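Asker: Below are the structure tokens for one structure; questions will follow.
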Amino acid sequence: MSRLNFKLEKEATGSKARAGSFTTLHGEVQTPVFMPVGTQATVKGQTVETLKATGARVLLANTYHLLLRPGPEVFKKFGGIHRFMNWDGPVLTDSGGFQIFSLPGERAMNEEGARFKSYVDGTHYMLSPETSVAMQRAIGSDINMVLDQCIPSTAPYEQAEAAMHLTHRWAVRSLAARGDGPQAMFGIVQGACHHDLRKQSAAYLTKLPFDGLAIGGLAVGETHAERYEFTGFVTDFLPKTLPRYLMGVGTPIDILEAVHRGVDMFDCIIPSQLAQRGTVFSSHGKLRMSRACYKFDEAPLDAKCDCHTCKNFSRAYLHHLVKADEMLGWHLLATHNMAFYHRLMREMRAAILGGTFSEYYERQQPELARSDDDNPSVPQKRQKPATLPKLGDYDIVKSAEGFASIRQISSGEVMHSVNRPSDEAERVYVAQSGLAKRFAQADAAEGLVIWDVGLGAASNAMAALHCFEKVLAEVGVEGVRKVRVVSFEIDLDPLKLSAKHAGWFPHLRHPAPHTVLKDGRWTHASGKLEWELHHGDFLEKFAATPAPDVVFYDPFSTKTDSALWVPEVFARVRAHCGANAAELFTYSSATAVRVALLSAGFYVGDGVSTGPRAATTVALTQWNGARAWAEGPKLLGEEWLMRWRRSDAKFPASLAVEARAEFERRIEGHPQFGR
């Protein structure tokens, strides 16, 4: 049983962000949480009182540095770090692995551990899993980290694999050294920037009795994009029941991106380090207080901040302290930066609990990346009209409501021109098909097969995946049935374009669509959902796939993909379904589409309204007057039949004149019209 009793309180919709809490020997911690770095039993430039005033709840201290000075005997005499530094809150101790990594010329590594020379007095030490744990026990931290071998994130495969296995062996030894002690312990997932190693490491460590799991080996050489990708990749393989810690990260935007990808805990020296250089984060952007533009500025540092610095001192005074290299300047700027970080964590937690994190994430992304808006360092040039990215025959367009969509340049048609793509996918395809109830049917003999016809920018497939993950979080792995999502797409440019600019497409901030693009398939960490892509002509591909239970029928439009909306195609789909009680959902309510479905033998009814459409369409292979998964639909009846008789689209354009009488008899005699 975990020593922290972690509780997952809520997961965000459309994101992997989580709000939770855990209990340490020195009190409760609410997540997401940022831990100021107190390497030497002090956070540089801060007192315990100022730390508490800014909102700090957990501090990080370092085993390596505290081993060298003041040493374990001092901590044993004082009964641990809490009395020694007069801090009554929780403390997490890093094992020293990163510091050993930072001294390549001053240490020797082997199976036992790392032998190194003290920078304090030249004494030689052996830091092993056992001595690291012993030192952390003397420090009395609430959370211990295992000793790991940290290597550059860009290390070649063989080096990363060897370091990962050594880290695993050291993890087992660290747990044995901790024994029945009351301190919690986290394992560290390694594997550099290699997907299969990261997956192996997560799988190995989750089988051991750790109280939490950390992601190590990032922020040591990789790009921001790689950091975000591997963070999201690893969290897919970590249990929801334990806290997750991304070590050594980072800037406010890094933390926002990591929370979005399912991380709970963070530490970094940046708030105090940048303050020492005269730089702060603010609602006005990132400010360098050494700049002459602040010399006569009477405004507070940040008008939206209520920290001690912002309430009591002007920008002009802070500029003076920085230019004069006064310690007080470092202290005041660090105080503000700490307050900024802790306020960010509180806001993210509130947004998760309030169900608004996706909107908060979109709003904060550009905010956290800004420089000084009030005094730009480079004179602002007149802006040219923005040119949005494009790929092949597609480009990105922004709606008046602020969301992005994909447009086909040649036709001018826009995917989801009125509603947000995720909203339409949820309403038309996920909710209407009752997917949540279907996913929770754990006792079903067969897996659920979903056809996603017209992958586009993956809005519908990702809506189904987000629904699955939500149900999985509620009922657990044993409570969900197996699911197979089969996507068909002849042109992958819309997905490639939107995936490349996932900042504008929230549903793509997940590793699944990127893996599907790369490998053609993706498997959920639970093993209960598989997503595969069939790239090519739907009419040539679908015969080789299992009969569907649910069909999301979403080719781009009846104009651009007209060949997919004719009776012959629907007849082939209906025949492929066989005796399966399949249900097909589509955004179109056109008479020509509905009559084509009826002629193929489907029962056809009105679907939900969405955006400018008064109705969508639901088609079923079987109908007994009710559905097990969701309400409706109301089948088309005599009123619709009368309109069809008067319609200009009464017969498919491809239908020969001599075949029209037989076609008409087929529609008029359809069982759903009671004839």
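Asker: If you build the convex hull over the alpha carbons only and average its shadow over all orientations, what do you get for segment 631-675? Give it in nm² to one decimal.
Answerer: Values: hull surface 15.6 nm².
That works out to 3.9 nm².
Asker: Counting other Cβ atoms within 10 Å of each Cβ, which GluC sites (Glu not before Pro) in segment 568-674 have at most 15 and sit in a DSSP loop?
Answerer: Numbers: sites: Glu568, Glu583, Glu631, Glu638, Glu639, Glu658, Glu662, Glu664, Glu668; in loops: Glu631.
When the GluC sites (Glu not before Pro) of segment 568-674 are filtered for loop state and at most 15 Cβ neighbours within 10 Å, Glu631 remain.
Asker: Sticking with this one: Distance from the Cα centre of segment 338-379 to that of segment 23-64, in angstrom?
Answerer: Cα centroid to Cα centroid, the span is 22 Å.
Asker: Projecting each Cα onto the charge dipole of segment 270-369 (Lys/Arg +1, Asp/Glu -1 at the beta carbon, about the Cα centre), which of Gly355, Ser314, Gln273 comes out farthest on the positive side?
Answerer: Farthest towards the positive pole: Gln273.
Asker: Which value, in debye to the nearest 20, describes the size of the charge dipole of the chain about its Cα centre when Lys and Arg Cβ atoms bear +1, Asp and Glu Cβ atoms bear -1, and nothing else is charged?
Answerer: Numbers: 76 positive and 75 negative charges, 170 e Å.
Dipole size: approximately 820 debye.
Asker: Same structure again: What net charge do the residues around Gly179 carry, taking every other residue with its C-beta under 15 Å from that of Gly179, with Lys and Arg at +1 and Asp and Glu at -1? Numbers along the way, then the final one.
Answerer: On the way: positive: Arg3, Arg137, Arg173, Arg178; negative: Glu130, Asp180, Asp211.
With Lys, Arg at +1 and Asp, Glu at -1, the neighbours total +1.
Asker: I'd like the distance separating the alpha-carbon centroids of segment 528-590 and segment 132-150, in whole Å.
Answerer: After rounding, the separation between the Cα centres reads 56 Å.
Asker: Taking the Cα centre of segment 235-283 as origin, sum charge times position over the Cβ atoms of Lys and Arg (+1) and Asp and Glu (-1), and report the length of that vector in debye to the nearest 20.
Answerer: Numbers: 4 positive and 5 negative charges, 9 e Å.
So the magnitude is around 40 debye.
Asker: From the gyration tensor of the Cα coordinates in segment 270-369, what semi-axes in whole Å does the equivalent ellipsoid have, largest first, with each one equal to sqrt(5λ)?
Answerer: 27, 13, 12
Asker: Moving to a separate point now. Suppose R0 equals 35 Å; then what is the FRET efficiency for Lys295 and Thr123 from their Cβ-Cβ distance, rounded to the nearest 0.05? Walk me through the intermediate numbers first.
Answerer: Working: r = 49 Å, r/R0 = 1.40.
The formula returns an efficiency of 0.10 here.
Asker: Also, I was wondering about something else. Normalising by the residue count of the chain, find the relative contact order in percent from Cα pairs under 8 Å and 6+ residues apart.
Answerer: Details: 1268 pairs, mean separation 65.8, N = 675.
Over the chain, the number comes to 10 percent.
Asker: Identify all aspartates and glutamates with a Cα-Cα distance to Lys311 below 16 Å; exclude those on the same chain that are fewer than 8 residues away in sequence.
Answerer: Cross-link targets: Asp297, Glu298, Asp302.
Asker: Kindly identify segment 346-503 as rounded, prolate or oblate by the Cα gyration tensor criterion: order the square roots of the eigenvalues as a ≥ b ≥ c, call it rounded if a/c is under 1.5, otherwise compare a/b with b/c, prolate if a/b is larger, else oblate.
Answerer: On the way: a/c = 2.97, a/b = 1.50, b/c = 1.98.
Here segment 346-503 falls in the oblate category.
Asker: Hey, of (i) 88, 68, 53; (ii) 76, 65, 56; (iii) 100, 61, 40, which did the structure itself give for Cα extents along the principal axes in Å when calculated?
Answerer: (iii)
Asker: What does the charge add up to near Asn86, with Lys and Arg as +1, Asp and Glu as -1, over the other residues with Cβ less than 12 Å from its Cβ? Before the final figure, lay out the partial values.
Answerer: Values: positive: Lys52, Arg83; negative: Glu49, Asp88.
Neighbourhood net charge equals 0.
Asker: Report the percentage of all Cα-Cα pairs in segment 7-268 whose separation exceeds 29 Å, rounded to a whole percent. Numbers along the way, then the final one.
Answerer: Numbers: 8731 of 34191 pairs.
Tail of P(r) above 29 Å: 26 percent of Cα pairs.
Asker: Starting from the Cα of Arg521, step 7 Å along the direction of its Cβ; do the same at Met109; then give the gap between the two resulting points in nm.
Answerer: For Arg521 paired with Met109, the spin-label model returns 3.5 nm.
Asker: When a/c is below 1.5 the answer is rounded, else prolate if a/b is larger than b/c, else oblate, so apply that to segment 556-627 with a ≥ b ≥ c taken from the square roots of the Cα gyration tensor eigenvalues. List each step's numbers first, then the result.
Answerer: Values: a/c = 2.18, a/b = 1.17, b/c = 1.86.
Oblate.
Asker: Roughly what angle does helix 357-368 make with the longest principal axis of the chain, taking Cα atoms, 0 to 90 degrees, to the nearest 10?
Answerer: 50
Asker: Can you give the helix-only mean residue ellipticity at 222 nm for the chain, where every DSSP H stretch with n ≥ 4 adds -39500 (n - 2.57) and the sum goes over all residues, rounded to the nearest 500 deg cm²/dmol? Display every interim value, and only then the final one.
Answerer: Working: 25 runs with 242 residues, N = 675.
Counting only the DSSP helices, I get -10500 deg cm²/dmol.
Asker: Among DSSP bridges having both ends in segment 458-600, what percentage is antiparallel? Round to the nearest 5. Don't skip to the answer; put the middle values down first.
Answerer: Numbers: 3 of 14 bridges.
Of those bridges, close to 20 percent are antiparallel.
Asker: Calculate the spin-label point distance for Leu353 paired with Arg643, positioning each point 7 Å from the Cα along the beta-carbon direction, and give it in nanometres.
Answerer: A separation of 4.8 nm, rounded to one decimal place.
Asker: Against the longest alpha carbon principal axis of the chain, how many degrees, from 0 to 90 and to the nearest 10, is the axis of helix 195-206 turned?
Answerer: Taking the Cα atoms of the chain, the angle to 195-206 is about 70 degrees.
Asker: If you don't mind, another one. What are the ³J(HN,Hα) values, in whole Hz, obtained from phi via the Karplus relation 6.51 cos²θ - 1.76 cosθ + 1.60 with θ = phi - 60°, for each residue of segment 10-16 in sequence order, with x given for Gly and Pro?
Answerer: In residue order, the calculated couplings are 6, 10, 6, 7, x, 7, 9 Hz.
Asker: Select from Pro152, Ala162, Ala575 the residue farthest towards the positive end of the dipole of the chain; place +1 on Cβ of Lys and Arg, -1 on Cβ of Asp and Glu, and compute about the Cα centre.
Answerer: Of the candidates, Pro152 comes out farthest on the positive side.
Asker: While we're here: In degrees, nearest 10, range 0 to 90: what is the angle between the Cα axis of helix 327-354 and the longest Cα principal axis of the chain?
Answerer: Once rounded, the angle reads 30 degrees.
Asker: Out of Leu328, Leu242, Leu92, whose Cα points farthest toward the positive end of the dipole of the chain (charges: +1 Lys, Arg; -1 Asp, Glu; placed on Cβ)?
Answerer: Checked the options; the winner is Leu328.
Asker: Next question. Along its three principal axes, how long is segment 1-56 when you only count alpha carbons? Whole Å, largest extent first please.
Answerer: 39, 30, 19
Asker: Here's something else I'd like to know. Taking H placed 1.01 Å from N in the peptide plane, check which residues at least 5 places from Val189 or on another chain put their amide H under 5 Å from its amide H.
Answerer: It is Ala214, Ile215, Gly216, by chain and number.
Asker: Going down the list Lys470/Lys541; Lys286/Lys496; Lys390/Lys470; Lys52/Lys76; Lys199/Lys482, which pairs span over 29 Å between their C-alpha atoms?
Answerer: Lys470/Lys541; Lys286/Lys496; Lys390/Lys470
Asker: Lys and Arg at +1, Asp and Glu at -1: add these up for the other residues within a Cβ distance under 10 Å of Leu8 and post the number.
Answerer: Numbers: positive: Lys7, Lys10, Arg18, Lys240; negative: Glu9, Glu11, Asp264.
Local charge sum for Leu8: +1.
Asker: What is the dipole size for segment 7-268, taken about its Cα centre, with +1 at each Lys and Arg Cβ and -1 at each Asp and Glu Cβ, in debye to the nearest 20?
Answerer: In total the dipole reaches around 460 debye.
Asker: Using the Karplus equation 6.51 cos²θ - 1.76 cosθ + 1.60 (θ = phi - 60°), what ³J(HN,Hα) coupling, rounded to whole Hz, does each residue of segment 539-552 give in order, writing x for Gly and Pro?
Answerer: Karplus values, whole Hz, x for Gly and Pro: 5, 8, 9, 6, 4, 8, 10, x, 4, x, 9, 9, 10, 8.
Asker: Evaluate the distance, in nm, between pseudo-label points positioned 7 Å from the Cα of Ala579 and of Ser2 along their respective Cα→Cβ axes.
Answerer: Calculated label separation equals 4.7 nm.
Asker: Counting only C-alpha contacts under 8 Å and six or more residues apart, can you give the relative contact order of segment 7-268 as a whole percent?
Answerer: Relative contact order here is 19 percent.
Any read-out appearing in this document is the output of simple, stated calculations on the displayed coordinates, not a laboratory observation. Since we're looking at a predicted model, the values are computed, not measured. Every residue, glycine among them, receives a Cβ derived from its backbone with ideal geometry; neighbour counts consider all protein chains shown.
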